1. Looking at the structure I just gave you, is L62 buried (at least 20 other Cβ atoms within 10 Å of the Cβ) and touching a residue at least 60 places away in the same chain (Cβ under 8 Å)?
2. Residues that are in the same structural domain as D10 (by TED's automatic domain parsing) and crowded, with 20+ Cβ neighbours inside 10 Å: which helices (runs of 4 or more DSSP H) entirely in the stretch 108-224 hold 3 or more of them?
3. Could you list, in sequence order, all residues of the stretch 287-302 that are of a type in the set (A, V, I, L, M, F, W, C) and surrounded by 21 or more Cβ atoms within 10 Å (Cβ to Cβ)?
4. Within the stretch 111-159, restricting attention to residues that are under 13 Å from the mean Cα position of the chain (by Cα) and of a type in the set (S, T, N, Q), which residue is farthest from R315 (Cα to Cα)?
5. How about the stretch 177-210: which of its residues are β-branched (V, I, T) and in contact (Cβ under 8 Å) with a residue 24 or more places away in the chain?
6. Restrict the check to the stretch 53-63 and report whether at least one residue is over 29 Å from L308 (Cβ atoms) and part of a helix (DSSP H, G or I).
7. Being outside any loop (DSSP other than H, G, I, E, B) and either closer than 15 Å to L237 by Cα or out of contact with any His (no Cβ under 8 Å at 6 or more places or on another chain) (or both): is that true of R288 here?
Amino acid sequence: MTARVLPATDLLALADAAAVLQRGGLVAFPTETVYGLGADAFDARAVARIFEVKARPSFDPLIVHLAEAASLDWVAVADDPRAVDLAARFWPGPLTLVLKRRPELPDIVTAGLDTVGVRVPAHPAARALIAAAGTPLAAPSANPFGYVSPTTAAHVAELLGDAVDLVLDGGPCRVGLESTILSLAGEPVILRPGGLPKEELEEALGMSLPVAGPSERPLAPGQLQAHYATRTPLVVLAARAQAAPPGDRRVGLLAQRPTQARGFAAVEVLAPDGAVETAAARLFAALRRLDAMGLDRILAEPCEETGLGYAIMDRLRRAAAGVRS
């Protein structure tokens with residue numbers, strides 16, 4: 001069975017989606033980062049369905065999405081002036097702040113932690129949906145746990161089918177990488193690189209920010225060693241590819257820029273225009289296309305680890321560590 005997909009620009013569709021959420025259902029919706037699978041953050045049974053549909057481990061916390069920064073104190077203790085300043089500067093946008101949680105928030109949302117990740121998405125349909133539902137939404141990416149994240153409504157429908165009550169189609173995601181997660185529960189630390197470059201956060205805070213390594217007991221989504229994985233084995237190269245390795249049968253290449261590399265069964269170019277923003281927006285869709293071609297292996301070219309390139313390389317390394325059999 002396929003998912004019910006409606007246009008996110010349709011006011012009746014938004015009202016329908018809000019009603020689904022209010023009665024404990026699940027709605028996949030567009031954000032500027034990736035498509036999210038949302039439930040009422042205060043409805044523990046609805047949130048439990050997210051974990052069931054995604055086959056997500058219960059120890060991996062969810063991010064709570066708000067319609068506006070003024071709603072922050074619904075779910076978090078908003079007494080940190082750094083959080084107020086960062087919200088004013090970067091929300092709506094691809095930044096998640098980890099703060100002390102409100103006790104009213106169900107434990108299942110935070111995986112029992114005393115903190116919660118919160119953000120205000122930049123996609124207008126996402127904020128309109130949250131406002132219409134009248135409640136914050138707990139929402140991870142709308143895909144099976146550990147697989148490549150969805151950046152179109154078609155990806156969601158293909159991956160989850162009618163396990164989702166409704167999918168709102170808001171077109172391709174503009175950023176294409178999950179949000180950057182910054183913990184302010186103690187000394188500031190980036191828990192997950194993402195769609196907001198590390199350098200911009202460092203400038204805003206006036207300090208250098210450490211990046212946490214992988215964790216088997218994550219404080220935020222995307223911290224596991226293996227994640228964002230294709231089913232096809234993926235290897236991250238040390239430099240640009242010149243030719244497919246001899247002796248391999250069907251090898252695909254994920255190239256950062258236009259290439260003259262020879263011998264590959266398929267080539268996906270992330271940034272035909274050379275812009276890292278283009279590469280980020282195209283990353284997950286390109287990986288999905290290569291993964292669907294029945295290849296023996298995917299080779300991924302590296303990019304410079306500055307700006308969004310840091311998050312691109314983070315996703316590629318975790319994908320290489322998390323190849324599914």
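The values are calculated or read from the model by the stated rules, or taken from the named source; none is laboratory data. All values reported here derive from a predicted model rather than from experimental measurement. Heads up, the Cβs are rebuilt from the backbone with ideal geometry, glycines too, and the neighbour counts pull from every protein chain shown.
1. Values: buried (at least 20 other Cβ atoms within 10 Å of the Cβ): yes; touching a residue at least 60 places away in the same chain (Cβ under 8 Å): yes.
In short, yes.
2. Numbers: elements: 124-133, 153-160, 198-205.
The qualifying helices (runs of 4 or more DSSP H) are 124-133, 153-160.
3. L287, L290, L295, I298, L299, A300
4. Residue satisfying both the conditions and the ranking: T152.
5. T180, I181
6. Among the residues of the stretch 53-63, at least one is over 29 Å from L308 (Cβ atoms) and part of a helix (DSSP H, G or I), which makes the answer yes.
7. For R288, the condition - outside any loop (DSSP other than H, G, I, E, B) and either closer than 15 Å to L237 by Cα or out of contact with any His (no Cβ under 8 Å at 6 or more places or on another chain) (or both) - is not met.
Here's the yes/no breakdown for (1) among the hydroxyl-bearing types (S, T, Y); (2) on the phi < 0 side of the Ramachandran plot:
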{"site": "S183", "(1), (2)": "yes, yes"}
{"site": "I190", "(1), (2)": "no, yes"}
{"site": "P193", "(1), (2)": "no, yes"}
{"site": "E202", "(1), (2)": "no, yes"}
{"site": "G206", "(1), (2)": "no, no"}
{"site": "L224", "(1), (2)": "no, yes"}
